[in-house]
Amino acid sequence: MEVTPLIRMRNIVKKFPGVVANDQVNLDLYAGQIHALLGENGSGKSTLMSILSGLYRPTEGTIEIQGEEKRINSPSDALANGIGMVHQHFKLIESFTVAENIALSQTSGSVLISEEEIVEEITRLGEKYGLLVDPRAYVWQLSVGEKQRVEILRMLYNDSKVLILDEPTAVLTPQETRELFSNLRNMADNGCAVVFISHKLNEVEELADQITVLRNGRVTGSIGRSEINQTRLIEMMIGRDIITAYEKSEPSDKEPVLVIDNISALNDMNTLGLDGITFKVRAGEIYGIAGVSGNGQRELAEVLAGLRHTLSGSVKFYGEEVVGLSPKEIIGRGISYVPEDRLGMGLVPKLNSCDNVILKEYNSEKFSKGHFLKRDAAIAETQRIVREFDVKMGSIFQPVKMMSGGNLQKLLLGREIASKPKLMIVLYPVRGLDIGAIESVHKLLLQMKENNTAIILVSEELEEIAKLADRVGVIFSGKILGEFPVKEMDTEKIGALMAGIVGNGGAKA
Ligand SMILES: Nc1ncnc2c1ncn2[C@@H]1O[C@H](COP(=O)(O)OP(=O)(O)OP(=O)(O)O)[C@@H](O)[C@H]1O
Ligand SMILES: [Mg+2]
């Protein structure tokens, strides 16, 4: 006898103006299984799952839940049917507590439950699934990993049987990823169907029972755990091979152009986020900063971009002090910052691509004459970036919040690279990008190096640093604990430094 899938999506079509995001997609989800969705940026993964979770209505096609055809008209409708989703961009209210956020999503809206009961239930679920978070904490006080736990707890609180996670590991540390994986397995073992979207093949290989691959909105294949094979998956995703190692020119021997001397600064919690940071970067050099995120990387980038005050120390760029300059003056010196929070800091969600491209330069000669905007120049520049970086979207006049996660990142990077900076600080540049796009971003960074740009590359992936950087500095707790030429990079030693372990005695820094 055949087992009925918990969810059966049949011939799903979703059209947006100018794009077919899903094209005759079939997908079956079974209780007890972790199902991975793979595919390039813009291939339709988030759209498909947004249909299942009630955010979008399909243009065509049907959804069956345990063999019965259902219409899912809204996210609360989906929750009432046991379907919950954690989106690529979290949907929590920062000024509310964890318990309040979870109470808001309650499906049994008519029954009043006391806050005390909610707190108790969250604590119970947290213990059962190893999702520890203080129910009374405010969301703004939580780390990204904790916010994600709240989103998962919210699904469990609502008794969801279908749990959808859209690129959950893109924002997690390796340690948090481990914990998430064991939690997801636990939930599947408890009878849930889990959908897991990721661009990281090794994660998919480790976790998935079944894998479905999308390309241009269509399913190109679905394979079981035993058939997993990276080459075949890549082939299904992008229809070609990718390069795994790049030609890299010799490390730069030019003069250092950026000299950071003993910088200290507070973080958002008003404790010491940077504690005497000192290093130099040459023109035409890629300086990698390795470390677990949350150890001062963002604070350092913000100091260099003029977005954060310093307590002490100096930053000289081409011989001139830049500490104390405004962000605008710093942009004027040729320093570009690509933040990790794309929609929060890099791009304005409500504006379209064209307005976002000219955002930082709208009053430069390039785009304005007197008080007038050179509309045609702005459009031409946007089209050029879209073409060169292969950014997929409906139209350059749509708000960027409608773009897929990876395409947002390509647009932001494209804009920064097009401004031809002398120094570029990039945080986690390939987060959320598909393997083809990673390849193009990496090549672009190497090309910028050839053009003499000094680059600070902040990454959690040692492999990425090894591929691109000339030197690597390891950051821990606001300090650079060690610095090495990449040629002499010893993964084990760097791993230990990333955990704050210095010297042979295993002492914590
Ligand atoms: N609300 C929307 N309005 C218009 N177009 C949209 C909307 N949402 C998605 N699209 C378009 O539909 C296509 C599929 O996008 P989707 O977000 O599903 O891709 P994805 O596979 O999740 O990509 P990524 O890996 O980058 O997150 C893209 O071309 C995107 O620009
Ligand atoms: Mg997506």
In the stretch 265-282, what count of residues is obtained for those that are touching a residue at least 12 places away in the same chain (Cβ under 8 Å) and either β-branched (Val, Ile, Thr) or out of contact with any Asp or Glu (no Cβ under 7 Å at 6 or more places or on another chain) (or both)?
8
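Could you identify the single residue in Val25, Val13, Val3 that is more than 21 Å from Arg154 (Cβ to Cβ), among the hydrophobic types (A, V, I, L, M, F, W, C) and either free of Cβ contacts under 8 Å to residues at least 24 places away in the same chain or away from ligand 1 (no atom under 16 Å from the Cβ) (or both)? Write out each step before concluding.
On the way: Val25 fails: either free of Cβ contacts under 8 Å to residues at least 24 places away in the same chain or away from ligand 1 (no atom under 16 Å from the Cβ) (or both); Val13 fails: either free of Cβ contacts under 8 Å to residues at least 24 places away in the same chain or away from ligand 1 (no atom under 16 Å from the Cβ) (or both).
Criteria check complete, one pass: Val3.
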Is it true that some residue in the stretch 148-161 is part of a strand (DSSP E or B) and more than 27 Å from Glu463 (Cβ to Cβ)?
no
So which residues in the stretch 419-436 are among the hydrophobic types (A, V, I, L, M, F, W, C) and either assigned to a loop (DSSP other than H, G, I, E, B) or free of Cβ contacts under 8 Å to residues at least 40 places away in the same chain (or both), if there are any at all?
Val430, Leu433
Index of the failed condition, Gly500 passing every other in (1) without any contact (Cβ under 8 Å) to a residue 40 or more places away in the chain; (2) under 19 Å from Leu172 (Cα atoms); (3) out of contact with any Phe, Trp or Tyr (no Cβ under 8 Å at 6 or more places or on another chain):
(3)
Considering only residues of the stretch 162-181 that are away from ligand 2 (no atom under 16 Å from the Cβ), in a helix (DSSP H, G or I) and touching a residue at least 12 places away in the same chain (Cβ under 8 Å), which is nearest to Pro5 (Cα to Cα)?
Phe181
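Tell me which residues, restricted to the stretch 398-412, are within 12 Å of ligand 2 (Cβ to nearest atom), of a type in the set (A, V, I, L, M) and either under 21 Å from Pro429 (Cβ atoms) or buried (at least 23 other Cβ atoms within 10 Å of the Cβ) (or both). It would help to see each step written out before you state the result.
Just the residues of the stretch 398-412 that are within 12 Å of ligand 2 (Cβ to nearest atom), to begin with: 402-409.
When the remaining residues are screened for being of a type in the set (A, V, I, L, M), the result is 402-403, 408.
Across the stretch 398-412, the qualifying residues are Met403, Leu408.
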From the options Val194, Val281, Val219, residue that is assigned by TED's automatic domain parsing to the domain that holds Glu321 and among the hydrophobic types (A, V, I, L, M, F, W, C)
Val281
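Out of the residues in the stretch 155-171 that are more than 16 Å from ligand 1 (Cβ to nearest atom) and in contact with a Gly (Cβ under 7 Å, 6 or more places away or on another chain), which is nearest to Gly39 (Cα to Cα)? Please lay out each step first, then the result.
Of all residues in the stretch 155-171, those more than 16 Å from ligand 1 (Cβ to nearest atom) come to 155-163.
Next, from what is left, pick out any that are in contact with a Gly (Cβ under 7 Å, 6 or more places away or on another chain): 155, 158-163.
On the way: Met155: 25, Asn158: 29, Asp159: 29, Ser160: 25, Lys161: 24, Val162: 21, Leu163: 19 Å.
Taking the candidates together, the pick is Leu163.
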I'm checking my understanding of the structure. Among residues of the stretch 217-235 that are in a helix (DSSP H, G or I) and among the aliphatic types (A, V, I, L, M), which one is surrounded by the fewest Cβ atoms within 10 Å (Cβ to Cβ)?
Ile234
Which condition number in (1) of a type in the set (A, V, I, L, M); (2) within 20 Å of Thr220 (Cα to Cα); (3) within 13 Å of ligand 2 (Cβ to nearest atom) is the one that Ile34 fails?
(3)
Does the stretch 30-42 include one or more residues that are touching a residue at least 40 places away in the same chain (Cβ under 8 Å), farther than 23 Å from Gly432 by Cα and touching a Pro at 6+ places or on another chain (Cβ under 9 Å)?
yes
If you check Ile358 against the conditions, is it of a type outside the set (Asp, Glu) and either in the same structural domain as Leu457 (by TED's automatic domain parsing) or in a loop (DSSP other than H, G, I, E, B) (or both)?
no
In the stretch 194-216, what residues are under 14 Å from Met236 (Cβ atoms) and either assigned to a loop (DSSP other than H, G, I, E, B) or within 16 Å of ligand 1 (Cβ to nearest atom) (or both)?
His199, Leu201, Val204, Ala208, Ile211, Thr212, Val213, Leu214, Arg215, Asn216
Breaking point among (1) at pLDDT below 90; (2) within 16 Å of ligand 1 (Cβ to nearest atom), for Ser143
(2)
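Among the listed residues Ser395, Ser336, Ser368, identify the single one that is within 30 Å of Ser143 (Cβ to Cβ) and either assigned by TED's automatic domain parsing to the domain that holds Glu167 or more than 16 Å from ligand 2 (Cβ to nearest atom) (or both). Full working, then the answer.
Details: Ser395 fails: within 30 Å of Ser143 (Cβ to Cβ); Ser368 fails: within 30 Å of Ser143 (Cβ to Cβ).
Within the list Ser395, Ser336, Ser368, the selection yields Ser336.
Residues are listed down the side, and each one gets a yes or a no for (1) more than 29 Å from the chain's Cα centre (by Cα); (2) in a helix (DSSP H, G or I); (3) hydrophobic (A, V, I, L, M, F, W, C):
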site: Ser46; (1), (2), (3): no, yes, no
site: Leu55; (1), (2), (3): no, no, yes
site: Glu69; (1), (2), (3): yes, no, no
site: Asp77; (1), (2), (3): no, yes, no
site: Ser95; (1), (2), (3): no, no, no
site: Ile102; (1), (2), (3): no, yes, yes
site: Glu116; (1), (2), (3): yes, yes, no
Which one of the conditions (1) away from ligand 2 (no atom under 16 Å from the Cβ); (2) surrounded by fewer than 22 Cβ atoms within 10 Å (Cβ to Cβ); (3) under 22 Å from Tyr246 (Cα atoms) does Ile438 fail to meet, given that it meets all the rest?
(1)
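The values are calculated or read from the model by the stated rules, or taken from the named source; none is laboratory data. Model, not experiment: these values are computed from the prediction. Neighbour counts run over all protein chains shown; Cβ positions are idealised from the backbone, glycine included.
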